[in-house]
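Input: a single structure, listed below in C-alpha coordinates.
The values are calculated or read from the model by the stated rules, or taken from the named source; none is laboratory data. This one's a predicted model, so the numbers in the text were calculated from it and none came from an experiment. Reconstructed Cβ throughout: ideal geometry from the backbone, glycine too, with neighbour counts over all protein chains shown. Areas reflect the complete protein model, heavy atoms only, side chains present, ligands, DNA and RNA absent. Shrake-Rupley method; radii C 1.70, N 1.55, O 1.52, S 1.80 Å.
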Amino acid sequence: MDLRDDIQQFLTGMRARLTPEQAGVALFGGERRVPGLRHEEVAQLAGVSTAYYTRMERGDLRGVSESVLRALARALHMDDAETQHLFDLARASSAGRTATSRTRGRPLLPARAAQLLDTMSDVPAIALGRLGDPLGSNALGRALFPDLFPEGAPPLNHTRYLFLDDRSREFYVDWERSAREVVSGLRLLAGHDPADRALTALVGELATHSPEFRAWWAGHTVRIHATGDKTLRHPVVGELTVGYDSLSFASAPQVQLVTYLPQPGTPSADALDLLRTWVATQASSGAGTQASGTGPPPSGPGLPQVY
(Lines give C-alpha, C1' and ligand atoms only; values in the text may rest on other atoms or scores of the structure.)
Protein backbone atom coordinates (compact mmCIF):
# COMPACT_ATOMS: atom_id res chain seq x y z
CA MET A 1 0.00 0.00 0.00
CA ASP A 2 1.34 3.43 -1.04
CA LEU A 3 0.49 5.99 1.65
CA ARG A 4 0.85 9.05 -0.58
CA ASP A 5 -1.38 7.46 -3.19
CA ASP A 6 -3.94 6.53 -0.52
CA ILE A 7 -4.03 10.11 0.77
CA GLN A 8 -4.36 11.53 -2.73
CA GLN A 9 -7.19 9.22 -3.73
CA PHE A 10 -9.02 9.68 -0.44
CA LEU A 11 -8.96 13.49 -0.54
CA THR A 12 -9.72 13.57 -4.26
CA GLY A 13 -12.75 11.36 -3.67
CA MET A 14 -13.94 13.51 -0.77
CA ARG A 15 -13.63 16.65 -2.90
CA ALA A 16 -15.32 15.12 -5.94
CA ARG A 17 -18.43 13.95 -4.10
CA LEU A 18 -19.29 17.40 -2.69
CA THR A 19 -21.10 19.84 -4.95
CA PRO A 20 -20.67 23.62 -4.63
CA GLU A 21 -24.30 23.88 -3.56
CA GLN A 22 -23.76 21.36 -0.75
CA ALA A 23 -20.63 23.17 0.40
CA GLY A 24 -22.23 26.61 0.23
CA VAL A 25 -19.83 27.89 -2.43
CA ALA A 26 -21.07 30.75 -4.62
CA LEU A 27 -21.19 29.97 -8.34
CA PHE A 28 -20.18 32.65 -10.83
CA GLY A 29 -21.05 30.87 -14.07
CA GLY A 30 -18.77 29.21 -16.56
CA GLU A 31 -18.21 25.55 -17.27
CA ARG A 32 -16.74 23.46 -14.43
CA ARG A 33 -14.10 20.99 -15.64
CA VAL A 34 -13.96 18.88 -12.50
CA PRO A 35 -16.67 17.08 -10.53
CA GLY A 36 -17.34 18.47 -7.11
CA LEU A 37 -15.27 21.25 -5.61
CA ARG A 38 -12.14 22.84 -7.03
CA HIS A 39 -8.85 22.95 -5.14
CA GLU A 40 -9.19 26.66 -4.43
CA GLU A 41 -12.73 26.21 -3.11
CA VAL A 42 -11.68 23.53 -0.64
CA ALA A 43 -8.75 25.69 0.43
CA GLN A 44 -11.00 28.66 1.04
CA LEU A 45 -13.48 26.61 3.06
CA ALA A 46 -10.64 25.13 5.15
CA GLY A 47 -8.93 28.48 5.68
CA VAL A 48 -5.63 27.57 4.02
CA SER A 49 -3.88 28.59 0.82
CA THR A 50 -4.57 26.77 -2.43
CA ALA A 51 -0.92 25.74 -2.61
CA TYR A 52 -1.07 24.24 0.88
CA TYR A 53 -4.21 22.26 0.15
CA THR A 54 -2.80 21.09 -3.17
CA ARG A 55 0.26 19.79 -1.32
CA MET A 56 -2.01 17.86 1.06
CA GLU A 57 -4.05 16.35 -1.76
CA ARG A 58 -0.86 15.24 -3.49
CA GLY A 59 -0.30 12.95 -0.52
CA ASP A 60 1.80 15.01 1.86
CA LEU A 61 0.17 15.47 5.27
CA ARG A 62 3.44 15.78 7.18
CA GLY A 63 3.26 18.40 9.90
CA VAL A 64 -0.35 19.38 9.21
CA SER A 65 -1.81 20.66 12.47
CA GLU A 66 -4.87 19.21 14.18
CA SER A 67 -6.77 22.46 13.65
CA VAL A 68 -6.13 22.37 9.89
CA LEU A 69 -7.16 18.71 9.70
CA ARG A 70 -10.39 19.44 11.54
CA ALA A 71 -11.07 22.44 9.29
CA LEU A 72 -10.47 20.25 6.24
CA ALA A 73 -12.81 17.57 7.60
CA ARG A 74 -15.52 20.19 8.11
CA ALA A 75 -14.97 21.68 4.66
CA LEU A 76 -15.37 18.27 3.01
CA HIS A 77 -18.34 17.27 5.21
CA MET A 78 -16.54 14.19 6.56
CA ASP A 79 -18.35 11.95 9.02
CA ASP A 80 -16.70 10.50 12.14
CA ALA A 81 -15.16 7.52 10.35
CA GLU A 82 -13.78 9.67 7.52
CA THR A 83 -12.37 12.20 9.99
CA GLN A 84 -10.71 9.41 11.94
CA HIS A 85 -9.24 8.08 8.70
CA LEU A 86 -7.88 11.53 7.79
CA PHE A 87 -6.16 11.84 11.15
CA ASP A 88 -4.75 8.31 10.85
CA LEU A 89 -3.34 9.11 7.41
CA ALA A 90 -1.81 12.33 8.73
CA ARG A 91 -0.19 10.52 11.66
CA ALA A 92 1.23 7.86 9.34
CA SER A 93 2.47 10.55 6.94
CA SER A 94 4.24 12.42 9.74
CA ALA A 95 5.86 9.17 10.93
CA GLY A 96 7.39 8.86 7.46
CA ARG A 97 10.26 6.46 7.17
CA THR A 98 10.22 5.64 10.87
CA ALA A 99 7.11 3.52 10.28
CA THR A 100 8.69 0.18 9.41
CA SER A 101 6.74 -2.85 8.27
CA ARG A 102 5.93 -5.20 11.15
CA THR A 103 3.89 -8.22 12.08
CA ARG A 104 1.70 -7.95 15.16
CA GLY A 105 1.08 -10.87 17.45
CA ARG A 106 -2.37 -12.42 17.39
CA PRO A 107 -4.46 -11.30 20.38
CA LEU A 108 -5.61 -13.83 22.94
CA LEU A 109 -9.12 -14.24 24.25
CA PRO A 110 -9.19 -12.86 27.83
CA ALA A 111 -10.33 -15.31 30.47
CA ARG A 112 -13.29 -13.10 31.40
CA ALA A 113 -14.38 -12.97 27.77
CA ALA A 114 -14.26 -16.75 27.53
CA GLN A 115 -16.28 -16.98 30.74
CA LEU A 116 -18.81 -14.50 29.37
CA LEU A 117 -19.20 -16.54 26.19
CA ASP A 118 -19.92 -19.65 28.24
CA THR A 119 -22.64 -17.89 30.23
CA MET A 120 -24.35 -16.45 27.11
CA SER A 121 -25.68 -19.80 26.00
CA ASP A 122 -29.01 -18.35 24.84
CA VAL A 123 -27.50 -15.61 22.64
CA PRO A 124 -25.34 -16.30 19.54
CA ALA A 125 -21.97 -14.71 20.29
CA ILE A 126 -18.51 -14.72 18.70
CA ALA A 127 -15.27 -13.14 19.95
CA LEU A 128 -13.12 -11.56 17.23
CA GLY A 129 -9.51 -10.54 17.29
CA ARG A 130 -8.09 -7.31 15.93
CA LEU A 131 -8.01 -8.74 12.42
CA GLY A 132 -11.30 -10.56 12.67
CA ASP A 133 -10.23 -14.16 13.20
CA PRO A 134 -12.69 -15.95 15.52
CA LEU A 135 -10.99 -16.27 18.91
CA GLY A 136 -13.94 -17.81 20.67
CA SER A 137 -17.63 -18.56 20.35
CA ASN A 138 -20.50 -20.26 22.07
CA ALA A 139 -22.42 -23.18 20.58
CA LEU A 140 -25.23 -20.98 19.28
CA GLY A 141 -22.76 -18.62 17.60
CA ARG A 142 -21.10 -21.53 15.82
CA ALA A 143 -24.47 -22.88 14.78
CA LEU A 144 -25.54 -19.51 13.36
CA PHE A 145 -22.42 -19.37 11.14
CA PRO A 146 -21.81 -23.03 10.28
CA ASP A 147 -19.47 -22.43 7.34
CA LEU A 148 -17.05 -20.50 9.55
CA PHE A 149 -16.77 -23.28 12.12
CA PRO A 150 -16.14 -26.57 10.32
CA GLU A 151 -16.34 -29.61 12.57
CA GLY A 152 -12.93 -30.78 13.77
CA ALA A 153 -11.03 -27.93 12.10
CA PRO A 154 -9.97 -24.38 13.01
CA PRO A 155 -12.48 -21.61 12.30
CA LEU A 156 -12.27 -19.92 8.92
CA ASN A 157 -11.10 -16.36 8.37
CA HIS A 158 -14.27 -14.44 7.64
CA THR A 159 -12.76 -12.05 5.10
CA ARG A 160 -11.46 -14.81 2.89
CA TYR A 161 -14.73 -16.68 3.32
CA LEU A 162 -16.68 -13.63 2.21
CA PHE A 163 -14.68 -12.91 -0.95
CA LEU A 164 -13.10 -16.24 -1.87
CA ASP A 165 -15.72 -18.81 -0.83
CA ASP A 166 -18.82 -19.03 -3.04
CA ARG A 167 -20.89 -20.30 -0.11
CA SER A 168 -20.89 -16.80 1.38
CA ARG A 169 -22.87 -15.43 -1.57
CA GLU A 170 -25.63 -17.91 -0.82
CA PHE A 171 -25.45 -17.44 2.96
CA TYR A 172 -25.68 -13.62 3.00
CA VAL A 173 -28.92 -12.47 1.38
CA ASP A 174 -27.41 -9.02 0.77
CA TRP A 175 -23.89 -10.22 0.06
CA GLU A 176 -22.73 -6.99 -1.59
CA ARG A 177 -23.64 -4.84 1.39
CA SER A 178 -21.79 -7.15 3.77
CA ALA A 179 -18.78 -7.27 1.46
CA ARG A 180 -18.64 -3.49 1.04
CA GLU A 181 -18.80 -3.05 4.82
CA VAL A 182 -15.81 -5.32 5.20
CA VAL A 183 -13.82 -3.36 2.60
CA SER A 184 -14.58 -0.05 4.29
CA GLY A 185 -13.48 -1.50 7.62
CA LEU A 186 -10.21 -2.66 6.11
CA ARG A 187 -9.65 0.84 4.74
CA LEU A 188 -9.90 2.22 8.26
CA LEU A 189 -7.36 -0.33 9.44
CA ALA A 190 -4.99 0.51 6.61
CA GLY A 191 -5.03 4.19 7.52
CA HIS A 192 -4.46 3.46 11.19
CA ASP A 193 -1.54 1.08 10.66
CA PRO A 194 -0.26 1.05 7.06
CA ALA A 195 2.85 -0.88 8.16
CA ASP A 196 0.87 -3.95 9.25
CA ARG A 197 2.26 -6.85 7.22
CA ALA A 198 -0.70 -9.13 7.83
CA LEU A 199 -3.16 -6.51 6.65
CA THR A 200 -1.05 -5.70 3.61
CA ALA A 201 -0.85 -9.39 2.72
CA LEU A 202 -4.61 -9.81 3.04
CA VAL A 203 -5.35 -6.78 0.87
CA GLY A 204 -2.95 -8.04 -1.77
CA GLU A 205 -4.47 -11.50 -1.76
CA LEU A 206 -8.03 -10.25 -2.05
CA ALA A 207 -7.18 -7.66 -4.69
CA THR A 208 -5.53 -10.41 -6.74
CA HIS A 209 -8.38 -12.92 -6.54
CA SER A 210 -11.55 -10.81 -6.18
CA PRO A 211 -12.51 -8.20 -8.80
CA GLU A 212 -15.22 -6.86 -6.47
CA PHE A 213 -12.74 -6.29 -3.69
CA ARG A 214 -10.28 -4.66 -6.07
CA ALA A 215 -12.91 -2.21 -7.36
CA TRP A 216 -14.32 -1.32 -3.93
CA TRP A 217 -10.87 -0.98 -2.36
CA ALA A 218 -10.02 1.65 -4.98
CA GLY A 219 -13.07 3.63 -3.87
CA HIS A 220 -11.46 4.53 -0.49
CA THR A 221 -14.78 4.37 1.37
CA VAL A 222 -14.41 4.19 5.15
CA ARG A 223 -17.17 3.30 7.60
CA ILE A 224 -17.51 2.07 11.19
CA HIS A 225 -19.83 -0.92 11.52
CA ALA A 226 -20.40 -1.60 15.23
CA THR A 227 -24.13 -2.25 14.98
CA GLY A 228 -26.66 -3.10 12.31
CA ASP A 229 -28.50 -6.09 10.91
CA LYS A 230 -27.80 -9.05 8.66
CA THR A 231 -30.20 -11.29 6.77
CA LEU A 232 -28.89 -14.84 6.58
CA ARG A 233 -30.00 -17.82 4.51
CA HIS A 234 -29.36 -20.52 7.11
CA PRO A 235 -29.12 -24.18 5.99
CA VAL A 236 -31.06 -25.49 9.01
CA VAL A 237 -33.70 -22.88 9.93
CA GLY A 238 -34.05 -20.93 6.70
CA GLU A 239 -33.90 -17.17 6.21
CA LEU A 240 -33.66 -14.94 9.29
CA THR A 241 -32.63 -11.37 10.07
CA VAL A 242 -30.49 -10.70 13.15
CA GLY A 243 -29.30 -7.45 14.64
CA TYR A 244 -25.66 -7.38 15.68
CA ASP A 245 -23.78 -5.35 18.27
CA SER A 246 -20.03 -5.25 18.80
CA LEU A 247 -18.76 -4.86 22.37
CA SER A 248 -15.18 -3.98 23.34
CA PHE A 249 -13.14 -5.00 26.38
CA ALA A 250 -11.23 -2.24 28.19
CA SER A 251 -8.61 -4.80 29.21
CA ALA A 252 -8.27 -6.15 25.67
CA PRO A 253 -9.18 -3.44 23.13
CA GLN A 254 -8.14 -5.64 20.20
CA VAL A 255 -10.89 -8.14 21.02
CA GLN A 256 -14.55 -7.63 20.14
CA LEU A 257 -17.51 -9.61 21.40
CA VAL A 258 -20.28 -9.67 18.77
CA THR A 259 -23.83 -10.72 19.66
CA TYR A 260 -26.71 -11.48 17.30
CA LEU A 261 -30.43 -11.21 18.12
CA PRO A 262 -33.60 -10.91 16.02
CA GLN A 263 -36.53 -8.64 16.78
CA PRO A 264 -38.89 -10.31 19.30
CA GLY A 265 -42.11 -11.71 17.94
CA THR A 266 -40.87 -12.01 14.36
CA PRO A 267 -40.41 -15.06 12.12
CA SER A 268 -36.66 -14.55 12.61
CA ALA A 269 -37.12 -14.93 16.38
CA ASP A 270 -38.99 -18.17 15.74
CA ALA A 271 -36.15 -19.33 13.49
CA LEU A 272 -33.58 -18.62 16.21
CA ASP A 273 -35.71 -20.54 18.73
CA LEU A 274 -35.67 -23.44 16.31
CA LEU A 275 -31.88 -23.16 16.05
CA ARG A 276 -31.62 -23.22 19.86
CA THR A 277 -33.63 -26.44 19.89
CA TRP A 278 -31.47 -27.91 17.15
CA VAL A 279 -28.27 -27.04 19.08
CA ALA A 280 -29.65 -28.63 22.25
CA THR A 281 -30.60 -31.76 20.33
CA GLN A 282 -27.15 -31.98 18.76
CA ALA A 283 -25.51 -31.59 22.16
CA SER A 284 -27.66 -34.27 23.79
CA SER A 285 -26.88 -36.69 20.98
CA GLY A 286 -23.15 -36.02 21.21
CA ALA A 287 -22.92 -34.25 17.84
CA GLY A 288 -21.63 -30.74 17.26
CA THR A 289 -19.52 -30.62 20.42
CA GLN A 290 -16.73 -28.51 19.00
CA ALA A 291 -14.83 -26.60 21.70
CA SER A 292 -16.07 -23.11 22.44
CA GLY A 293 -13.21 -21.25 20.96
CA THR A 294 -10.05 -20.96 23.02
CA GLY A 295 -8.00 -22.96 20.55
CA PRO A 296 -5.70 -21.33 17.99
CA PRO A 297 -7.40 -19.61 15.06
CA PRO A 298 -6.22 -20.28 11.51
CA SER A 299 -3.16 -18.57 10.10
CA GLY A 300 -3.58 -15.44 8.03
CA PRO A 301 -5.12 -12.01 8.55
CA GLY A 302 -8.69 -10.90 8.77
CA LEU A 303 -10.46 -7.70 9.77
CA PRO A 304 -12.18 -6.12 12.78
CA GLN A 305 -15.66 -6.24 11.39
CA VAL A 306 -18.73 -8.15 12.43
CA TYR A 307 -20.07 -11.02 10.36
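Across the chain, the convex hull enclosing all Cα atoms gives 154 Å³ per residue. The distance separating the Cα centre of region 105-167 from that of region 1-52 comes to 42 Å.
Projected label points at ALA280 and THR119, each 7 Å from Cα along the beta carbon direction, are separated by 2.2 nanometres.
FRET efficiency for the THR208 to ALA153 pair, using the beta carbon distance and R₀ = 25 Å, is estimated at 0.50.
For the chain, with every protein chain kept in place, what is the accessible area per residue (1.4 Å probe, Å²)? Each step should come with its number before you reach the end.
Values: 14760 Å² over 307 residues.
I get 48 Å² per residue for this part.
Label-to-label distance, TRP175 versus ARG233, with points set 7 angstrom from Cα along the beta-carbon direction: 0.8 nm.
How would you classify region 14-95 from its alpha-carbon gyration tensor, with a ≥ b ≥ c the square roots of the eigenvalues: rounded for a/c under 1.5, else prolate if a/b is greater than b/c, otherwise oblate? Prolate, because a/c is 1.5 or more and a/b exceeds b/c. Extension gain for the segment THR241 to THR19, taken as residue separation times 0.36 nm less the Cα-Cα distance, is 76.3 nm to one decimal.
Rolled with a 1.4 Å probe across the full set of protein chains, the surface gives TRP175 an accessible area near 30 Å². Taking all protein chains as shown and a probe of 1.4 angstrom, PHE87 keeps an accessible surface of around 40 Å². Annotation for ARG58 and SER248: the two label points, set 7 Å from Cα along the Cα-Cβ direction, are 3.6 nm apart.
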